[in-house]
Every structure is written in structure tokens, then in C-alpha cells.
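Heads up, the thing below is written out as C-alpha cells.
The values are calculated or read from the model by the stated rules, or taken from the named source; none is laboratory data. Quick caveat: nothing in here was measured; it's all calculated off a predicted structure. Note: ideal-geometry Cβ built from the backbone for every residue, glycine included; neighbour counts use all protein chains shown. Accessible surface is based on the protein model in full, side chains and every heavy atom, while ligands, DNA and RNA are left aside. Shrake-Rupley method; radii C 1.70, N 1.55, O 1.52, S 1.80 Å.
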Amino acid sequence: QQIQENLNKQLLDNLLSFLSRSHSDFQEKTTEWTCKMKFREIPTAALVLGVNVTDHDLTFRGLSDVLHNNITPYVALLEAKDCPGIKNLMQKLMGQLMNCDIDVDSLEDEDCVQVSQNRVRCSMPSLISWYDSVTKKTDSETPRKKRNSSSRHWQSPPVVVIFKDMESFTTKVLQDFIVISSQHIHELPLVLIFGIATSPMIIHRLLPHSVSSLLCIELFQSLSCKEHLSTIIDKLLLTSRFPFKLGVKVLQVLINIFLYHDFSVQNFIKGFQLCIVEHFYSQPLSVLCCHLADVKERIYSLSHDQCENIRRLPSFRRYVEKQESGKQIELLINDSFLKEETEKLLEDLHVYHENYVQILRCLHVFTSSLPKYPLGKQIRELHCACLENRVWETEEYESSLQLARMLNKTDLVTMLQQCVEILMSSSGKEFDRAVQKLKEFLTQFQNLEAEASQERDVSVSPQKELQKKTDLYHLQKTLLELKESRRSKKLTKFEMLRFEVVDYIDSLVRRYLVPADQRTLHEVVYFNAAAVLRGHLNAAPRTALHTALNNPHWYLKNQALRCDGGGISNKAPDICIVYKLHLECGRLINLVDWLEAFSTVVMAAEEPNADAASSDQVDDVIHARFIRAVSELELLGFIKPSKQKTDHVARLTWGGC
């Protein structure tokens, strides 16, 4: 929440400034406001928020709170689903402004709202008279109250109407409201805010020029959802403050859902929360996923069974195999020795995370400044590449190094300065030597200035000679000589120093950016169950329906409903029996045969010597149950009525799930 508030702060500040200007114009009756009133223009903020519609509620809630706290208590948030007509819009608007609940369905045939004991007609004159009475009442308050209220709200505060989803509003509703409002703008300080998901051009597509000309529009652009996500990942995942980490496959699942489904940062955070819950629920050793200060206490409170869980971890087994035979025996038998070793390993893992983040940021400084982005432009892409495998063994990394070896001096110096700042911000002393080495590189670059200028003069002279030649033979000869001289030319001091810098950064990468799954006890803090997460987040409705209808015990947790070998239990719900029977049929299903099969399954447990009257009654009940089950199956989309035969239905689904 803090991160999102900081990201939206600039946008909200700009909106507050806009509203303050609009209000002050009305308050002071300036020439600008008089000019606007002459043309009946309504101050309007076009707020472009992007296609991540699920994140808009949070932004509008924040905007509404800021307006209530600083500008005006009169803020109305309108949604298209609540405003199918201008009457409904006015009811919602006046209901929110007057702090009363409006049931639009109950007021369908009325144009009034109930405020206390009075009924107020939903019209613009009623709204104006209510506003005048409220502001006059505020002005007549005691000086102390007036002083307190003025510290939060302006005198004669504006009425802000926010259309949360402008694209969804019908054209007629918007046109009617804008035209009516423009006729009373000199009496009511109205300000409109349009929430736009697509493009500002939607205003001109929805509204004709005669209506859009009544709006004095100012455009506001929110931070893009991709930048928002990058900031969230940078502050939440790429930090040593939080011990819990996401594995590469899990992170890729969340990012892919974000990029290819909804662009919703809120849904990404919900997925992140789900990972936390799943990790601490399913991993017995998640008790050790804590801050370093609490690790020792928790380790020495482990039981023998939990120690055995540590010994079963694949990363720990690999670690044991690399040790001497004596130490192997102690690790596998002695719980006290195991706890001491576990404490050291978790401390090493914590140090690894701190160093990993710093070097990852340094590498990102280099890769993000290249003319091409083999490893991606965003730090999240680089993070995924480093988690997936040894990044220095990939072709993309080699391409990045080749491009880095062609950078000019200005870019290199800037990058080195940024890397020095990143490494100096580290809390430990791990990077003191690295910082000293980078500062030495910076000093050497500064000393190369004079020599570089001389080399530039020497290199320019052949080109000047080349420009003097006009004969084709001499031109070819000079070009060949120039090419040969470049081949045999030794590297300049700058080029040698540039190679040294890139090689040193490469050595830091190879030392500190080892994939996390190669670290011992990484399972304690890393959540890697991508398949489980995908099962929770990626909906598969047909598979879920098939499981529920074919194996009802899976969801009902009733073992009496379990049937092995493809049998059908008569204790199962009717729709499950009907569904299993329909799986045995072809394209067309005879309803009579289906009913007989259903009756046979249901009556399997009945006593055969029942009297005729009761059997007729039972047949009617079974018939009714069958009709209801078939109707439910049709509602779910498994069958439909057939036009070929009236006593048949057509099957719609095929293949296994």
C-alpha cells in the first residue's frame, strides 16, 4: 500500500492542483472564470489509467480520500452499471452527495430521494438549492468551527463528480448530464473527472462537438501498469528485508498472467499472497523462513521429525554428499550438530541474497543502457534469467558483453558511478574491494582525457587524406590501406581499460549471481510449486465440472460416494448419475432410455417387494428427479434439445478431461 501510494502521489498532486485552480476561479469570480461561464465550460479532468481496470478502484478510492481530506466533502463516484438513464444518474449523484442510500430499483418510477424526513426531487435546481443551503450553513458557523473546517476544506468547495468507467456510460446519459450541468455551471462549482481505460479520444467519440465544447478538458496520465509492476517487484522481491522468495517458474507464472491476461497489479499481489499462504501451509520447514535475528531461536526449537525433514531436502542431500565421511555421519545422526550447521547455512543464504540483489542491480545498469536488450530492459526480466540458470552461460549474456565492449567513455563512466553508489549502499563490507576497484577505473578514465584527444587527432588525418582523393584508383588504394591499418592497429589504452571494466563486471556476475536453486536449503525460503499456483489461478471450469460430476466425493469429502472401476453409486447426487449415464451415449440421447437407466441405478437399493401404489408414487418422484437433473445438465451446457427428434437431446461435449 505504501508503494502504491507513493506511485500515485504525483498524479494525485496534479489533480489536486487542477481542482484548486478550478475552485479558486469560481471562488474569486476572476476574469478567467467569467470567460468560462460565458461559454458554459465545465472544468474536466480526463484521467487515463490504462486497461488494468481491476486496479482502478484503488486509485479512485485514494483520490476520493485525498479530496475529502483536502479540497471538498462533496465527492460522488458514479459507475455505468448504476446509471442506465439520466434519472438514475441524478438519483445516485444526489444520494451520495447528501449521504443517503439510494435503491435505484425501488425508485424506478419516482424522481425523488429520501433525505431525513424530507423527499428531495432529483433535479439540478434541487441540487443547487441544497448546495447553497449547506454552504450558507457552513459560513454561519462559529469562528472556531469555521477555522477548523477551513483548515481541511475550501470555502464554497467544489462538487466533484467522478465517472469511474467513462467508456461504459451510454452516450445519451453523458450528453444529457453535461448539457444540463453546463446550463447551471454559474450557480454550482461542478468539476468532472473522467476515468478512461483506453484513450482520451474516447471523449470525442462518445460526445459530439456541440457537447464536448462545453468541457474545459485537462489530461492526466497515470503511471503505466508495467512500470508499476516493475516497482512492486523491485521493492518487494529484490530486497533482503523479506525472507520469503519466489522461484523462477512461479514468478514467470505470475508475470505471464499479468502480461497476457489483465495487466492487473492487484491480481499480481493477490497471487503473491497466495504463494505465501501455500508455502507456509505446505512446507514443513517454512518455520525457518524468517528474519535472521529469529533464525537461531527457531532452529534450536526444532523437533527430531523436523530435523529429518531437513535431511530429506534435495539441496541438503547434495551438500552432505560433498562433505567428508565423518561430517556426513554427524549431519545424518546428530541433531545438535545438524542444527548448528543449519544455522550457518541459513546465514550464508541470507548473505547470498544481499549480495545477489546488489550485483543484479549493477548488471542491470549495464544491460539497460545497451542499444539492444538481449537480457531484457526491465530488471524483472534479468532477475528471471539469473534465477533460471547460470546467466553467464547464455547467448544473451555473451551478446550483452560484446555490446558493452563497444560503449563510449561517457556511458561507461556514468555506469561505473551508478555501480559505486549501489555497492556503497550495501550494509556489509563484502563489496569494499569492489568499490575500491571501480573507483580506480574511474580515476584511470579521467587520466586518459589528454591521450584520447591526441589519438582522435591521429585517427582523423587518414580520413582527411581520404577526402582529398578524387581518383577511383587512389580512393580504393587508400581504403585498403586504411582497412589494413585498422586490422594491425593495437588496442588503445581506452579500449584496453574498457575491456578490463567489462571483464571485472563479468567476474562479479559469475561470483554472486549463482542460481538460487544451487544454494543449500533454498527450499526453506523459496516457493517453487508453479503447478499448484497455476492450478489456483488459471481457471479450468470444464475440468472442475467433470471432476465434480464424475467424482463427487472429491469435493463433498464423502467416501461413500467413491466408485472404483467406473461404476455408478445410487447414493450420488442425481445430476452426477445423469452425467455419468450421458457419457456412455452417442451424439443423440433417447430420453426414455436415459430415464430407465436412471431409474435402475436409483432403485438398485430398494426392496423388490414394495406394493404397486407406493411404486407408482416412487416412479413419479424418480421422474421428477430425472427431469430436474436433465434441466441442470442443460443449464451447464452439456446437452441441448434436438430438432431432429423431439424425444431426444443432443450431446455437446466430447473427449476426456
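Determine the alpha carbon to alpha carbon distance for each of Lys235/Lys429; Lys9/Lys81; Lys87/Lys136; Lys409/Lys493; Lys81/Lys172; Lys92/Lys164 and list only those over 20 Å. Numbers along the way, then the final one.
Details: Lys235/Lys429 23 Å; Lys9/Lys81 29 Å; Lys87/Lys136 27 Å; Lys409/Lys493 12 Å; Lys81/Lys172 14 Å; Lys92/Lys164 13 Å.
Beyond 20 Å between Cα atoms: Lys235/Lys429; Lys9/Lys81; Lys87/Lys136.
Over region 253-377, what relative contact order in percent results from Cα pairs under 8 Å that are six or more residues apart? Please report the intermediate quantities before stating the final value.
Numbers: 52 pairs, mean separation 18.7, N = 125.
After rounding, I find 15 percent.
Across region 194-203, in residue order, what do the Karplus-derived ³J(HN,Hα) couplings come to in whole Hz, using 6.51 cos²θ - 1.76 cosθ + 1.60 with θ = phi - 60° and x for Gly and Pro?
Along region 194-203, the couplings run 9, x, 10, 9, 9, 9, x, 5, 4, 4 Hz.
Heavy atoms only, probe 1.4 angstrom, no DNA, RNA or ligands counted: give me Arg317, Arg542 ranked by accessible area, highest first.
Values: Arg317 140, Arg542 100 Å².
So the residues, ranked largest to smallest area, are Arg317, Arg542.
Can you give me the distance in nm between label points at Asn538 and Arg587, each placed 7 Å from the Cα along the Cα-to-Cβ direction?
Computed distance between label sites Asn538 and Arg587 equals 3.2 nm.
With each label point set 7 Å from Cα along the Cα-Cβ vector, what nm distance links Glu308 and Thr443?
6.1 nm
With the full set of protein chains in place, find how many percent of the accessible area of region 231-347 is carbon and sulfur; take the probe as 1.4 Å. Could you put the intermediate results ahead of the total?
Values: 3230 of 6250 Å².
Answer for region 231-347: carbon and sulfur cover 52 percent of the accessible area.
Which FRET efficiency value, to the nearest 0.05, do you get for Gln323 and Ser642 by plugging their Cβ-Cβ distance into 1/(1 + (r/R0)^6) with R0 = 51 Å? Before the final figure, lay out the partial values.
Details: r = 72 Å, r/R0 = 1.41.
E(calc), rounded to 0.05, equals 0.10.
Tell me the per residue accessible area of region 266-424 using a 1.4 Å probe; a whole number in Å² is fine.
On the way: 8210 Å² over 159 residues.
In whole numbers, region 266-424 has 52 Å² accessible per residue.
Applying 1/(1 + (r/R0)^6) with R0 = 56 Å to the Cβ-Cβ distance of Asp564 and Glu398, what FRET efficiency is obtained, to the nearest 0.05?
Working: r = 56 Å, r/R0 = 1.00.
For Asp564 and Glu398, the calculated efficiency is 0.50.
For an R0 of 41 angstrom, estimate the FRET efficiency from the Cβ-Cβ distance between Glu187 and Val51 and round to the nearest 0.05.
Working: r = 38 Å, r/R0 = 0.92.
My answer for the efficiency is 0.60.
Once phi is turned into θ = phi - 60°, what whole-Hz ³J(HN,Hα) does the Karplus curve with 6.51, -1.76 and 1.60 give for every residue of region 167-177, x standing for Gly and Pro?
Using θ = phi - 60°, the values come out as 4, 8, 6, 6, 4, 5, 4, 5, 4, 4, 5 Hz.
So how far, in whole Å, is the C-alpha centre of region 361-391 from the one of region 395-453?
If you average the Cα positions of each part, the centres end up 17 Å apart.
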